[in-house]
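Everything on this sheet refers to the single structure shown next.
The values are calculated or read from the model by the stated rules, or taken from the named source; none is laboratory data. The model shown is predicted, which means the values in this text are computed figures rather than measured ones. Because the Cβ atoms are built from the backbone with ideal geometry, glycine has one as well, and the counts that use them run over all protein chains shown.
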Number of protein chains: 2
Amino acid sequence: MSMEATETTQSTGRGRRGGRRRSAAAKGAEIEQMPWHQPRVPFPPLKLLSDDELEAIHEASLTVLEEYGIEFLLPEARDMLKKAGATVDPNSDLVKIDRGLVEQAIASSPSEFTLHARNPDRNLIMGGNHLAFGCVSSPPNASDLDTGRRPGNTEDFQNLLRLSQYFNIIHVIGGYPVEPIDRHASTRHLDCLSDMVRLTDKAIHAYSLGYERITDGIEIARIARGVSHEQLEREPSLISIINTNSPRKIDGPMLRGIIEMSSRNQAICITPFTLSGAMAPVTLAGALVQQNAEALAGLVMTQVVRPGAPMIYGGFTSNVDMKSGAPAFGTPEYMKTVIAGGQLARRYGLPYRTSNVNAANTVDAQSAYESVFSIWALVMGHGNLIKHAAGWLEGGLCASFEKLVLDVDLLQMAAKFLQPMETDPAALALDAIRDVAPGGHFFGTEHTQERYRDAFYSPIISDWRNYETWEEAGSPHAWQKANTTFKQALSDYEAPHLDPAISDELAAFVEKRREEGGAPTDF
Amino acid sequence: MSMEATETTQSTGRGRRGGRRRSAAAKGAEIEQMPWHQPRVPFPPLKLLSDDELEAIHEASLTVLEEYGIEFLLPEARDMLKKAGATVDPNSDLVKIDRGLVEQAIASSPSEFTLHARNPDRNLIMGGNHLAFGCVSSPPNASDLDTGRRPGNTEDFQNLLRLSQYFNIIHVIGGYPVEPIDRHASTRHLDCLSDMVRLTDKAIHAYSLGYERITDGIEIARIARGVSHEQLEREPSLISIINTNSPRKIDGPMLRGIIEMSSRNQAICITPFTLSGAMAPVTLAGALVQQNAEALAGLVMTQVVRPGAPMIYGGFTSNVDMKSGAPAFGTPEYMKTVIAGGQLARRYGLPYRTSNVNAANTVDAQSAYESVFSIWALVMGHGNLIKHAAGWLEGGLCASFEKLVLDVDLLQMAAKFLQPMETDPAALALDAIRDVAPGGHFFGTEHTQERYRDAFYSPIISDWRNYETWEEAGSPHAWQKANTTFKQALSDYEAPHLDPAISDELAAFVEKRREEGGAPTDF
């Protein structure tokens, strides 16, 4: 082994794939990217609603909870709520929750918590002014420029996980980056969760689709971290998104998810899917009232299960195209509800989940502007957990390999924007200004030479060549640059270290559960 | 003439092209767009720099002005500055300006003024939280999807003016939307300014390229408005952008522009072109120090010419790609300087000019995300006059017909985002929420039916069809939708009314000046 090879292996530390890395390095420069870090928003959160307006929405949601009620489709959940003081209709699934119970839940839920990853360097703070970006999750389709759109499969699933691991700006695996429908539904969760903790070392999510799937998810999170059940209960290490069936309904599998997760102190994110004009009122304030009522109902459920269990307030209110009924994303209306949703989450002292969304069918200008409008709103409105931050297309129906890379660039630009501007005397550059004659230039000055390498963000996608050079290169579009980049990233990807004992324990657990038949598929 | 035709003519008021409008209406629906209005930013301006940091930049700029000096390349300007108290080096063009003179200029310049258009409905407030979007200006090339990129010509120039008139969200003609190089340089300004006030009725700009061009511009603005010289002096009706030759230099034609414009109380916008790493220090704070020193030097010049003359603080600090030296736009660095520039302008109580920029070579994702990042910054940083708001491509080297339409959509989305969310009891929609059963939908409710038409922004470009329908339609990209839209807009365009007497006076002035030879071309 040559000296160079030895150094490479050493520098990757516990990497198992030093050989692969060397061949990638031999091919050409690696993709320049920001180091792993959780960006923080240095600005106060934007206020779109006045305090009075915020209270009006809060009060209206309490009216929904106290007078109209929410359907809880799981008898066990209704029993728990009844015992806690809610009014449960004996002849239906309807539960009415009074403001006292809501206030109690607000008081007991934490405003910030650490979400643990199997690699402790990847632990995330959920709350405050911290951002955590998640990869796209749950689309039924995947696409790339080479082969177009296809139903999700295992190869795409694994490759999207590799990209989510590779790019430092993706902090959390927010769900299946695509649904691999070639895996049998009864054991898909075992294969997928196993892939998640083998191909990545970041914090993970499991779906609340019945008892088996969510408890298997909790166990896999525990095994991957190599911790005891007690330590897992002290340290939230898994997240599960609970979507209400808007309007005013939470189904059985979701409630089962809350019960199993919250009772073990794992992180629940309640996200009502309140499309204004469809499953929610056509007025944004009305849609927010409904979103808020449903989110508070979920909050109460988590705190009834276990006071102090971590809960993230999720907002997903967008609008529909009133001509066609099609959902719209990254719209001015979406921006407003994202920001107002943040105000509501903060009113309750809860971490806030929102999303980077668009409704484009391809990686064109629309996919970019709807995304940046989303990012604008979620940054200024202080989102904490940002779902679908990289790779979402078609309003969530497709995971795009190129959109993932494009989003990585957009997220990195936002993160760079959030870093403070240096204003110390050297940064004010008075000597450099004095020394460059009027009409001169700063290229060759010592001040520039000392700083130029790291002075500015170096983009992945943006093509800044002049028109002639760009035309000679074949007039490439951003989409094409993203295509070559995702392939390079896959080639450069290295699997993170996993302790062999943990790997074995994981394999044994998955095998045992597979033999038991996995999970029922009649949901 | 049929009843319908009569009504159409009446409804267009003073339109001369009722017949054309009818035929457009017969062809199909007109483009849906927002009514003419000047958007206002309801949020307080974003603070990127602390008060101390802002003062550090201010103080450093005063050091540049007091100790290093700025070159003023016009003897008349140096004489005026000397008389006002500046220190003028007898052996060079260098002028040093002390803080007293700067403070005096800050005190005398207005923080807000009205920019008058020939149609008083198009008057614009410059300052406060008002936005005014200008069309692209000054590129040497134009392009569209059909025929590609070509040097600017009269037809493109006129068509870009028609589009700038057609779209309500474009408030001001910020310069030539493309340079029509088929017009002779000595009389180009006469033809172009004449086109501007005939094809549009919005506020206009004239270039400061020597005495003749700027004074002809002032006279054409006066004639077009049909006002006396005295009224013109009371009512700023023309704007001229002064770019410094960074670093630390203002050339003769620009200074001539300030003298002629400010002495007649017309609006001057001083915009240093301070690319960080090239014509300005590689640190953003250093580039801002230099931008600020140059802008203040220009401010002093305007106020020495005429205390109280309207002056707009221009910021255009971006970065270069340090690998190639190519200018970069819409970057995280650009966002920071746009916001910090707004803080500087407000420190001096001056209206603030900034821009919607990108460095893409084509109307792809890059062109969109760099633009939305720019718009994010200029909205949150309270830009007032937004140059190049619609149509800029290639870092300003090309006016794109499709990018203009795309930008119109982006600007309208930003404007819609800035409109307040209604939170009155009807908007909170409690009755609608009560009346829709859990799991139901709101499509058919009275609450929705009463509001759905105007509930949400209706985009020009965004394609929200589902994938299958979109694919059947030929998988169109945003660029293609923008292409068909600009052609429809040109077909639907109507020239604004111009009083025949004014039209004659304008023609006579242009003819006289043409016979006199126009302007010298040896600049």
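Taking segment A:56-75 as the range and being under 30 Å from the mean Cα position of the chain (by Cα), at the interface with chain B (Cβ under 10 Å from one of its Cβ atoms) and part of a helix (DSSP H, G or I) as the test, the residues that pass are A:ALA56, A:ILE57, A:GLU59, A:ALA60, A:SER61, A:VAL64.
Which residues, taken from segment B:412-436, are more than 7 Å from chain A (Cβ to nearest Cβ) and among the hydrophobic types (A, V, I, L, M, F, W, C)? If the condition is that a residue be more than 7 Å from chain A (Cβ to nearest Cβ) and among the hydrophobic types (A, V, I, L, M, F, W, C), then B:ALA414, B:ALA415, B:LEU418, B:ALA426 are the ones that fit. When every residue of segment A:395-412 is checked against the conditions, none turns out to be in contact with a strand residue (DSSP E or B) (Cβ under 6 Å, 6 or more places away or on another chain), without any contact (Cβ under 8 Å) to a residue 60 or more places away in the chain and farther than 30 Å from B:ARG149 by Cα. Set side by side, the residues B:ILE181, B:ILE218 differ, and just one is farther than 21 Å from B:MET311 by Cβ, modelled with pLDDT of 95 or more and β-branched (Val, Ile, Thr), which is B:ILE181. Residues in segment A:305-314 that are touching a Phe, Trp or Tyr at 6+ places or on another chain (Cβ under 8 Å) and either surrounded by fewer than 24 Cβ atoms within 10 Å (Cβ to Cβ) or part of a loop (DSSP other than H, G, I, E, B) (or both): A:PRO310 only.
Among all residues of segment B:263-273, there is none that is more than 18 Å from B:GLU103 (Cβ to Cβ), facing chain A (nearest Cβ under 10 Å) and not hydrophobic (A, V, I, L, M, F, W, C). A:ARG122: over 30 Å from A:CYS398 (Cβ atoms) and of a type in the set (Lys, Arg), yes or no? For A:ARG122, the condition - over 30 Å from A:CYS398 (Cβ atoms) and of a type in the set (Lys, Arg) - is not met.
Residues satisfying the criterion are present in segment B:285-296 (criterion: of a type in the set (Asp, Glu), at pLDDT 95 or above and within 30 Å of B:GLU67 (Cβ to Cβ)). Considering the conditions (1) at the interface with chain A (Cβ under 8 Å from one of its Cβ atoms); (2) at pLDDT 95 or above, B:THR485 is excluded by exactly one of them, (1).
Among the candidates B:ASN129, B:ASN91, B:ASN141, B:ASN153, the residue that is more than 29 Å from B:GLY226 (Cβ to Cβ), surrounded by 19 or more Cβ atoms within 10 Å (Cβ to Cβ) and among the polar types (S, T, N, Q) is uniquely B:ASN141. Take segment A:461-498 and flag every residue that is out of contact with any helix residue (DSSP H, G or I) (no Cβ under 9 Å at 6 or more places or on another chain) and touching a residue at least 60 places away in the same chain (Cβ under 8 Å). Hit for segment A:461-498 is A:HIS497, nothing else.
Quick one: would you say A:SER355 is at pLDDT 95 or above, touching a His at 6+ places or on another chain (Cβ under 8 Å) and closer than 24 Å to A:LYS403 by Cβ? It is true that A:SER355 is at pLDDT 95 or above, touching a His at 6+ places or on another chain (Cβ under 8 Å) and closer than 24 Å to A:LYS403 by Cβ.
Of the residues making up segment B:209-237, those that are surrounded by fewer than 23 Cβ atoms within 10 Å (Cβ to Cβ), in a loop (DSSP other than H, G, I, E, B) and under 23 Å from the mean Cα position of the chain (by Cα) number 3. Candidates in segment B:488-523 are the residues that are small (Gly, Ala, Ser) and not in a loop (DSSP other than H, G, I, E, B); of these, the one that is surrounded by the fewest Cβ atoms within 10 Å (Cβ to Cβ) is B:ALA501.
Residue count for segment A:337-352 satisfying the condition of being part of a helix (DSSP H, G or I) and more than 7 Å from chain B (Cβ to nearest Cβ): 10. Looking across segment B:395-416, the residues that are surrounded by fewer than 24 Cβ atoms within 10 Å (Cβ to Cβ) and either among the aromatic types (Phe, Trp, Tyr) or on the phi > 0 side of the Ramachandran plot (or both) come down to B:GLY395, B:GLY396. Answer yes or no as to whether B:ALA285 is touching a residue at least 60 places away in the same chain (Cβ under 8 Å), more than 23 Å from the chain's Cα centre (by Cα) and within 14 Å of another protein chain (Cβ to nearest Cβ). Here the answer is yes, as B:ALA285 does meet what is asked. Looking across B:THR302, B:THR317, one residue alone is in a loop (DSSP other than H, G, I, E, B), in contact with a strand residue (DSSP E or B) (Cβ under 8 Å, 6 or more places away or on another chain) and buried (at least 24 other Cβ atoms within 10 Å of the Cβ). It is B:THR317. Take the residues in segment A:353-406 that are within 11 Å of chain B (Cβ to nearest Cβ) and among the aromatic types (Phe, Trp, Tyr), then tell me which one is farthest from B:THR469 (Cα to Cα). Ranking the qualifying residues of segment A:353-406, first place goes to A:TRP376.
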